[in-house]
Amino acid sequence: MNYKDYGRHLLEALLIGLKWIGFGILCGILVGGVSAKFANGIVLVTKFRTAHPQILYLLPLAGLFIIAYYRLLGVKQPKGTNLVLSSIREGEAVPGRMAPLIILSTILTHLFGGSAGREGAALQVGGSMGDALGRLVRIPQKDRRTVIICGMSASFSALFGTPLAAAILSMEISTVGIMYYSSLVPAVISALTAHLIAQRLGVTGEAFPIPNLPVFGARTALITILFSVGCAVVSVLFCTVMHRMKRLMQHRFPNSYLRVLVASAVVIVLTLLVGDQTYNGTGAHILEQCMTEPGFRIVWYAFLLKILFTAVTLSGGFQGGEIVPSLFIGATFGNAVAAFSGLDPAFLSALGMCAVFCGVTNCPMATLLISFELFGFGASSFFLIAVAITYLFSGNYGLYASQKILYSKLEHSRVDRFTH
């Protein structure tokens, strides 16, 4: 053993480790603080909209303001999370103005009844703030990928309350088939720091213990496999509808102001047809009911309605994330299938949430960690099967057009193509 070379490695690792631990703590404090306030803002406006449902009729005005706000800051075609993912891979800068843009526009979308999430927005907030902070403290250009990953990890952790998954998701989501392990230390430190900051600011992560776990055996494993194939199909449907709706709206209504007015009108009409605001906002209350209310049932086509509401909202120019809607879609799909499987609805809702999330993000490792953080380790064998099967059967589809599939899901070969 060459002790001299190893000694040099230890010294280099110490210096680099101290640098990234320091940056991770700083990033976790700043990005975690902003993201926690963002999370609190989403909760407040959701409560206000729930108490004043008639505010939905002002959705067109909110849409016009969002479009004007983006244009005022020089953004005519927002690329959102796609820009952040390509920046990780290519080392490009993430505009600092992205954070205030996405924060305000997402809050307005939720306040006035658009169907969107928040964790997708967190990736944009974190990527933008992480890159800006890296430039501020003079992190070299070659490390831009790491500072963006660090910011994404902090923001997702603060908003969703899953620091383990946040650290891995930020390294896994840009390029399917590889992970940027050189960013592991700062991603972990920033995620844990942000989680602590968020807790201090009143943001608590969700946890849903599954009360009626089935015994793992041949029958339940087979049901899990078949259900996971169904979740893969649902995830492909969600991605396809999202992308095609966006192209349709841009083709039919090239004027962004007209496009957002049309989307607003469609959301309002759909809400009136449904009769309530179940599918507006994040739909987090439905997730909670699926997991905590024994015997809770929702109409079997609820997941299809959420796909439609979300696709119209985001393709029209409103802002937010797609991740919580994907959890809603998975949970309600599981709730519907439970009637035919003989398994507990809460159990299948939990499986559906994680499986559809894996299918739309192509992040199996992060999904597995999310399942453990949200539902505990009791059903780990079922979640492992669900993640593996959904990842295999979801093909080269994904929510983010700039996400690249580097290695095939079917064999040991390089494909190097973008998702569709």
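Each row is one residue, and each column tells you yes or no for (1) over 25 Å from ALA331 (Cα atoms); (2) assigned to a loop (DSSP other than H, G, I, E, B).
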{"site": "MET179", "(1), (2)": "yes, yes"}
{"site": "THR204", "(1), (2)": "no, yes"}
{"site": "ASN212", "(1), (2)": "no, yes"}
{"site": "VAL262", "(1), (2)": "yes, no"}
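LEU343 passes every criterion in (1) assigned to a helix (DSSP H, G or I); (2) at pLDDT below 95 apart from (1).
So which residues in segment 264-287 are outside any loop (DSSP other than H, G, I, E, B) and in contact (Cβ under 8 Å) with a residue 40 or more places away in the chain?
SER264, ALA265, VAL266, VAL267, ILE268, LEU270, THR271, GLY281, ALA284, ILE286, LEU287
Here GLY113 does not fit the description of being in contact (Cβ under 8 Å) with a residue 60 or more places away in the chain, closer than 28 Å to ALA62 by Cβ, surrounded by fewer than 24 Cβ atoms within 10 Å (Cβ to Cβ) and not hydrophobic (A, V, I, L, M, F, W, C).
Starting from segment 145-163, keep only residues that are on the phi > 0 side of the Ramachandran plot, then list their pairs with residues that are at pLDDT 95 or above whose Cβ atoms are within a distance under 8 Å, requiring at least 6 positions of separation or different chains. From residues that are on the phi > 0 side of the Ramachandran plot, the pairs are GLY161/HIS195; GLY161/ALA198; GLY161/GLU373. Looking only at segment 53-74, filter to residues that are of a type in the set (Gly, Ala, Ser) and under 25 Å from the mean Cα position of the chain (by Cα); which one of those is surrounded by the most Cβ atoms within 10 Å (Cβ to Cβ)? Checking each candidate, the answer is GLY63. Of the residues making up segment 322-338, at least one is farther than 29 Å from MET245 by Cα and not assigned by TED's automatic domain parsing to the domain that holds THR109. For segment 397-420, a residue qualifies if it is more than 18 Å from the chain's Cα centre (by Cα), surrounded by 15 or more Cβ atoms within 10 Å (Cβ to Cβ) and in a loop (DSSP other than H, G, I, E, B), and the qualifying residues are SER408, LYS409. Screening the candidates PHE377, PHE328 for the property of being more than 30 Å from VAL269 (Cβ to Cβ) and of a type in the set (A, V, I, L, M, F, W, C) yields one hit, PHE377.
Considering only residues that are small (Gly, Ala, Ser) and under 18 Å from LYS306 (Cα atoms), look in segment 246-275 and name the one that is surrounded by the most Cβ atoms within 10 Å (Cβ to Cβ). Step through it out loud before you land on a result.
From segment 246-275, those small (Gly, Ala, Ser) are 256, 263-265, 275; that's our starting set.
When the remaining residues are screened for being under 18 Å from LYS306 (Cα atoms), the result is 263-265, 275.
Values: ALA263: 25, SER264: 27, ALA265: 15, GLY275: 7.
The residue in question is SER264.
Looking across segment 296-340 at every residue that is among the aromatic types (Phe, Trp, Tyr) and assigned to a helix (DSSP H, G or I), the one that is nearest to the chain's Cα centre (by Cα) is identified as PHE328. Against the criterion of being closer than 20 Å to GLU373 by Cβ and part of a helix (DSSP H, G or I), LEU237 does not qualify. The condition of being within 17 Å of the chain's Cα centre (by Cα), buried (at least 24 other Cβ atoms within 10 Å of the Cβ) and without any contact (Cβ under 8 Å) to a residue 60 or more places away in the chain holds for CYS354.
With the requirement that a residue be in contact with a helix residue (DSSP H, G or I) (Cβ under 7 Å, 6 or more places away or on another chain) and assigned to a loop (DSSP other than H, G, I, E, B), what does segment 138-160 give you? Within segment 138-160, just ILE139 meets the criteria.
Looking across segment 36-86, the residues that are basic (Lys, Arg) and either closer than 21 Å to GLY126 by Cβ or not in a helix (DSSP H, G or I) (or both) come down to LYS37, LYS76, LYS79. If I filter segment 251-258 for residues that are closer than 21 Å to LEU399 by Cα and more than 24 Å from the chain's Cα centre (by Cα), do I get at least one hit? Checked segment 251-258: at least one residue is closer than 21 Å to LEU399 by Cα and more than 24 Å from the chain's Cα centre (by Cα).
The values are calculated or read from the model by the stated rules, or taken from the named source; none is laboratory data. Just so we're clear, the structure is a prediction, and the values are computed from it rather than from any experiment. No Cβ is skipped: glycine too gets one built from the backbone with ideal geometry, and neighbour counts run over all protein chains shown.
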